[in-house]
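Visitor: I have a structure I would like to understand better, so I am pasting it below and will then ask my questions one at a time.
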Amino acid sequence: MTALERFAGLVESQAALRARLGPPATEEELATFLRELGVSVPAVFVEFFRGFNGGSRPVWDAATETFVGSHETLFDDETLTLESLDSMVGTKRSWDEWEQEFRALAEADREESSRLALWHPSWVPFASSEAEILALATEPCFGGPANQVVWFDFKGHCCWEVRHASFEAWLRTLTECCASGCDAAVREAVQRTLNPEWRYIEFSTGDDRFQHPGTRF
């Protein structure tokens, strides 16, 4: 059984988990996403969002002319929300533009805009909060292969973390965490056990910043 099949089975058996996820993506939404994204993503990434187009989010109710519902995180004590396909493209486009602005700055002007150096144009932001991004790195970085899952905080302590060796590893970890319950300490233990390559990369703004291998936790 694949990681995606196991997760899908868990969603079917847990109504609360199902409520935190968006509806399936349409074929038109998927085609638009793949056309506009600008980078290649693995098949398991596409299939995951085919089944669950991001996290549950507010929908417009024409009868009351208001938005109904809320943005749901996968766990109550976490802040990251899964992006929908269209918001993923929009978020990536914004970060790509900011990264281009950073590269165009003179060295003396880069300090004030240093947070823009957190982004790499090959990354796809599939979960986010008001201060964090979780991204699929479609090219090799930080001493690892393509399709690692990278996290960074762009408002607090700027740094990077390589949290998972692949999107499938992220999905496998998510499945185990959902199956283990909602206790944060248990989830952290699961995450550390399943992802021995989890490592911290100190922030820098040099042109070689994405080549640093970092330090394992």
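Visitor: When the helices in the chain are scored as -39500 (n - 2.57) per DSSP H run of 4 or longer and the sum is shared across all residues, what 222 nm value do you end up with, to the nearest 500 deg cm²/dmol?
Guide: -11500 deg cm²/dmol
Visitor: Where a ≥ b ≥ c are the square roots of the eigenvalues of the C-alpha gyration tensor, would you call segment 122-181 rounded, which needs a/c under 1.5, or, failing that, prolate if a/b is larger than b/c, or oblate?
Guide: Cα axes put segment 122-181 in the oblate bin.
Visitor: Let me ask something else about it. Which order do the peptides 169-175, 43-49 come out in when sorted by mean C-beta neighbours inside 10 angstrom, highest first?
Guide: Highest mean packing first, the order is 169-175, 43-49.
Visitor: A further question follows. May I ask for the percentage of alpha-carbon pairs in the chain that lie more than 22 Å from each other?
Guide: 52
Visitor: Just rank 167, 217, fewest to most, by other beta-carbon atoms within 10 angstrom.
Guide: If I rank by nearby Cβ atoms, fewest first, I get 217, 167.
Visitor: Shifting gears a bit: Taking R0 as 22 Å, what FRET efficiency do you get between residue 78 and residue 192 from their Cβ-Cβ distance, rounded to the nearest 0.05?
Guide: After rounding, the FRET efficiency stands at 0.90.
Visitor: Ranking 155, 92 by Cβ neighbours within 10 Å, fewest first, what do you get?
Guide: 155, 92
Visitor: Expected output is a single nm value to one decimal: the length gained when fully extending between residue 97 and residue 37, i.e. 0.36 nm times separation in residues minus the C-alpha distance. What is it?
Guide: Here the answer is 20.2 nm.
Visitor: Here's something else I'd like to know. Taking neighbour counts of Cβ atoms within 10 Å as a proxy for exposure, in what order, fewest first, do 6, 163 appear?
Guide: By the 10 Å Cβ count, ascending, the order reads 6, 163.
Each reported figure results from applying straightforward, stated rules to the coordinates on display, with no laboratory input. A quick note: this is a predicted structure, and the numbers were derived from the prediction, not measured. With ideal geometry, Cβ positions are generated from the backbone for all residues, glycine too; neighbour counts draw on all protein chains shown.
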